[in-house]
């Protein structure tokens, strides 16, 4: 049964609102990167108010810090409305829990942000704040993806290929990118972005001296991680080309992921060469977040294909002469010979114009050995 026009309109509106929430979250990521890059994390020393006000004078670092709080409050409001809307309008239970998880993430994110300010930017809390921000960003992207009508159309479409290998590769790639972002967050909050001031070499060498110094070690780890991310994305691209047909949209998404990585790598180099220009550094953070989201969306799409492939796979079917999957309660021996015997009996009955009574066990054995 097709949805009524009113239901379709509501679904379209819900999908648009989910995309709006995702876009606002991306804006929040950019605002947060500007706060860290400009060193404005403590420009407003109190929380949840700002100098005891809702709207303090927006000058200097206050513009970045309080602006970040205002955008965060707007995203929290949007996510709250989206979560309630999904619980009321979405029939799929797992989508409801996904939206609830995103709402819990944004609430916890706000609490971590307040703790970060009140405790004067402790490293562990600041890194956790960034790590949770990336999880929340990915959750908003997946919520918008599964609500979109293209997800339903893809679910009803034919399965073009077995996406199991691609799904596993995409999941590993997304995990590698996320770990790289966490390492980058540690580096940024340690102030180690220029601990190695040259690029592509490190103090003129492949492996820099002073790896026992924490700032140099975390900076070099971030550079090595960038190479690992590149290797993972290139491998995912090759796996996709091997398994997916040329016209499949997932191949285009993997190409976009590869393009984002190239842009991210160049922005990372430019960040060093520009001595951490504010806008270039923030762009580096924003493109890194987009790279993670695209990798997660590819993993979600391939998982959808995989589960659809398993649900459409035939049951209790085997090639001729192969093993037959037997339902519970059936005898485990002699089933296939008995089937062949009765097939021969039916053929003989049709050709001779009569029905032969069931043969004895000895007759069945002779029939199998000699044939009709």
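The values are calculated or read from the model by the stated rules, or taken from the named source; none is laboratory data. This one's a predicted model, so the numbers in the text were calculated from it and none came from an experiment. Here the Cβ is made from the backbone with ideal geometry for all residues, glycine too, and neighbour counts use every protein chain on show.
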Would you pick out the residues in the range 241-262 that are part of a loop (DSSP other than H, G, I, E, B) and in contact (Cβ under 8 Å) with a residue 24 or more places away in the chain? 244, 245, 248
Every residue in the range 147-184 that is more than 23 Å from residue 240 (Cα to Cα), surrounded by 19 or more Cβ atoms within 10 Å (Cβ to Cβ) and either modelled with pLDDT under 95 or in contact with a strand residue (DSSP E or B) (Cβ under 7 Å, 6 or more places away or on another chain) (or both), please. 147
Of the conditions (1) within 24 Å of residue 129 (Cα to Cα); (2) surrounded by fewer than 16 Cβ atoms within 10 Å (Cβ to Cβ); (3) in contact with a helix residue (DSSP H, G or I) (Cβ under 6 Å, 6 or more places away or on another chain), residue 54 satisfies every one except a single condition; which number is it? (3)
How many residues are out of contact with any helix residue (DSSP H, G or I) (no Cβ under 7 Å at 6 or more places or on another chain) and assigned to a helix (DSSP H, G or I) when one looks only at the range 263-308? 7
Do we find a residue being closer than 22 Å to residue 184 by Cβ and at pLDDT below 90 anywhere in the range 50-57? no
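This table checks each residue for (1) under 21 Å from the mean Cα position of the chain (by Cα); (2) at pLDDT 95 or above.
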residue: 231; (1), (2): yes, yes
residue: 235; (1), (2): yes, yes
residue: 246; (1), (2): no, no
residue: 252; (1), (2): yes, no
residue: 267; (1), (2): no, yes
Residue list for the range 88-99, restricted to those being surrounded by 14 or more Cβ atoms within 10 Å (Cβ to Cβ) and either under 22 Å from the mean Cα position of the chain (by Cα) or modelled with pLDDT of 95 or more (or both): 90, 95, 96, 98, 99
